[in-house]
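Single-structure report; data block below.
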């Protein structure tokens, strides 16, 4: 697995973070066609992520190559009734790795760093949702130790809920 350090994003990183999210979305669109995953992020959207959570990045040679957001705030699309009852949970939002960096362990390393951050909070679980489709990252999250806890449709988008107790 790749060794990385998730670093808190800075305000000046907004456009680079949007670029990573958009490159990942474009790659999924090339592989799977246009779908829910094709939506582009904007600087406004990244600023919203920074408002609701803590955005982290991985830098390589000065460029951002991966990002994820952790927040204690439950996203709208998540119904907590599907999850294990815990004292405190953290939620992963908008995780993405630059396409040329994928399949080299960077995403898994990001997840493990997120787990370590959550243990320090402390939080008892990490929760997220993924598209329930071939473009979804469900298989990736299962390989990272997450458990499928439910399938739902939110605003016509099929989702899988995942959780990892920490």
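Read the figures in this text as sums done on the coordinates, not as results from a lab. Just so it is clear, the model here is predicted, and its values are computed rather than measured. Counting neighbours? That spans all protein chains shown, and the Cβs are built from the backbone with ideal geometry, glycine included.
Taking the Cβ-Cβ separation of residue 7 and residue 134 as r and a Förster radius of 25 Å, what is the calculated FRET efficiency to the nearest 0.05? Please list the in-between numbers first.
Numbers: r = 32 Å, r/R0 = 1.28.
Computed FRET efficiency for residue 7 and residue 134 comes out at 0.20.
Taking label positions 7 Å along the Cα-Cβ direction at both residue 155 and residue 79, the computed distance is 1.7 nm, reported to one decimal.
Stokes-Einstein diffusion for the stretch 7-165 at 25 °C, viscosity 0.890 mPa s, with a Kirkwood radius from C-alpha pairs, works out to 155 µm²/s.
Could you tell me the calculated FRET efficiency between residue 42 and residue 63, based on Cβ-Cβ distance and R0 = 22 angstrom, to the nearest 0.05? My answer for the efficiency is 0.65.
Between residue 22 and residue 100, the modelled labels are 1.7 nm apart [label points 7 Å from Cα along Cα→Cβ].
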